[in-house]
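Working notes, beginning with the structure itself.
What follows draws every value from the coordinates through simple rules; no lab data is involved. Since the model is a prediction, treat every value here as computed from it, not as a measurement. Cβ: placed from backbone, ideal geometry, glycine included. Neighbour counts: every protein chain shown.
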Ligand SMILES: Cc1cc2nc3c(=O)[nH]c(=O)nc-3n(C[C@H](O)[C@H](O)[C@H](O)COP(=O)(O)O)c2cc1C
């Protein structure tokens, strides 16, 4: 019989002080997670409040909201949380108050869906830095770019008024700010396109505006993608360095989808994404990473590698109190996938959120197979691609629980 190796989690439970002065009680964060639980006008629902307040109370040092749209026309999902008008303030105040009471540091993720804003939700064609035939998106005019910039800044002010500790600018995943950064998607020839600095301009002007309006004590994070979405791996590494060099960005959150994977670009395939980013010099900003960090051992590994914060997405959905459990149970292992809907309900997910999670391959266990008219199990008739995938063994010590499959 082999002895279980228990990972040393103590560094992940060390507090972290950020440039704005905020202190995280530990290095465990809830990644921004769209959950579709808000009301159709973007105001907070009881379900959204409950689900996030449970995470704050569950021992996470940092808790982010889902992507919250900063303009009505920037909505990306049904049931998305809104922060584009003062009508959203009462709900946001309740959410910020509940998170503060639990001791977690709270951020609103600020978002404009850009190319990925469905016309069925917004009533108009999506927008981007340039027109895009595949999505039918139209290029923003210069005046509209300025409106977008001002909407992000106004939303940050609203987050501060509501009592949040800060905001994260969503500059990842092919949404509007990411498209502006992307040489593949931004073909503008004005001040917001062309050179690297011009493509970064919108993000940097928003940062300038947020700092000017919210002050130095407000926590500001930026989420970036390291690759895909027409991005260049080398440019994104340079962007990280430029964000750090500004001196006023608390956290740079690199959304890797799998921290241990190697970049898709073969020219950068000699190291995994985590190593590529932890190797970068940081003078002012702290590094947060997300992507298939599924077990306490993996949290320990990313912190040991040099990341300051490990952001959990699906792990935080599976266990509202993941950090608290890991702190007290040396051999705590998260649930294996797929999980029954009843378990997710106990973890504070509403039926709407559970339905949304059904779109994430292999996450929610299908109902008990029933026999159809022809006496065959319905699950056998389905496309095998839509079945939950089999768990894969964890390579790291301390937990035999699978790493997540697919995205
Ligand atoms: C259900 C779900 C919703 C998500 N919503 C957002 C979002 O609103 N904003 C964002 O930046 N990323 C979002 N992501 C990505 C997560 O923040 C995270 O980076 C990703 O899930 C990888 O972490 P994980 O492997 O621990 O789940 C979402 C992921 C999931 C699974």
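Quick notes
- Ascending count of other beta-carbon atoms within 10 Å, so fewest first, for 60, 218: 218, 60
- Of all DSSP beta bridges in the chain, antiparallel share, percent nearest 5: 10 percent
- Both radii were evaluated on the Cα set of the stretch 25-66; the Rg over Rh quotient, with Rh as the Kirkwood radius, amounts to 1.02.
- Shown for 13, 115: other C-beta atoms within 10 Å of each C-beta, ranked fewest to most, produce the order 13, 115.
- Long-range tail of P(r) for the chain (Cα pairs > 36 Å, %): 22 percent
- Each peptide in 181-191, 162-172, 34-44 receives the mean, over its residues, of other Cβ atoms within 10 Å, and ordering these scores from highest gives 162-172, 34-44, 181-191.
- Peptides ranked, highest mean first, by Cβ atoms within 10 Å: ranges 223-229, 234-240: 223-229, 234-240
- Computed P(r) (all Cα pairs; the stretch 283-374; 10 Å bins; percent): 14, 39, 29, 12, 4, 1, 0
- A prolate overall shape is assigned to the stretch 263-335, the ratio a/c of its alpha-carbon gyration tensor axes (a ≥ b ≥ c) being 1.5 or greater and a/b exceeding b/c.
- Cα centroid separation - the stretch 102-154 against the stretch 1-77, whole Å: 22 Å
- Going by neighbour counts of Cβ atoms within 10 Å, the residues 46, 347 line up, fewest first, as 46, 347.
- The protection proxy used here, the mean number of other Cβ atoms lying within 10 Å of each residue, ranks peptides 63-69, 273-279, 307-313 as follows, highest first: 63-69, 307-313, 273-279.
- Net lengthening on full extension, residue 262/residue 346 (0.36 nm per residue, minus Cα-Cα): 26.7 nm
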